[in-house]
1. Peptides 69-80, 22-33, 93-104, 42-53: what's the order by average Cβ count within 10 Å, highest mean first?
2. Using a simple spin-label model with points 7 Å from Cα along the Cα→Cβ vector, what separation in nm is obtained for residue 56 and residue 102?
3. Between residue 15 and residue 64, what length comes free when the chain is fully extended (0.36 nm per residue of separation minus the Cα-Cα distance, one decimal in nm)?
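All of the numbers you see were taken from the coordinates with simple rules; none came from a lab. These figures come from a predicted structure and were not determined experimentally. Cβ placement follows ideal geometry from the backbone for every residue including glycine, while neighbour counts extend to all protein chains displayed.
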């Protein structure tokens, strides 16, 4: 099946614009990871994907709040900064999901979806695996919306008998 034809000049300009943005994303991601290192993701409470989910949720809530309040001049971070952070968190999530993020145990052999993965892999009876579970603790109302707060609970998984 043939893809739709796009005017060459429009497509070429889009390609150039996308390349500029991807280079900006790459530069910022690499610079920030030199400051943070990989463990802020790898050792996040609840696991790396949960840590990324929390960071992305915060950015989306900030974006929503700015749009809902018609705030044209945020105090500390532009909408472009928010979009760049979201894009880079998505890139990190792909690296985690593919087992390519530094600091993950057995990164290449696991799908890194969550604690259930560690339960489905065979292991020796003497091995104990620790993982975290996000547990709802209370519900509050924020601007007419019900918001759940959570805490992270560390669980110890024994040999399973």
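1. Numbers: 69-80: 9.3, 22-33: 13.1, 93-104: 16.1, 42-53: 18.7.
Result, highest mean first: 42-53, 93-104, 22-33, 69-80.
2. 2.3
3. Values: separation 49, 0.36 × 49 = 17.64 nm, distance 2.87 nm.
Once the chain is fully extended between residue 15 and residue 64, it gains 14.8 nm.
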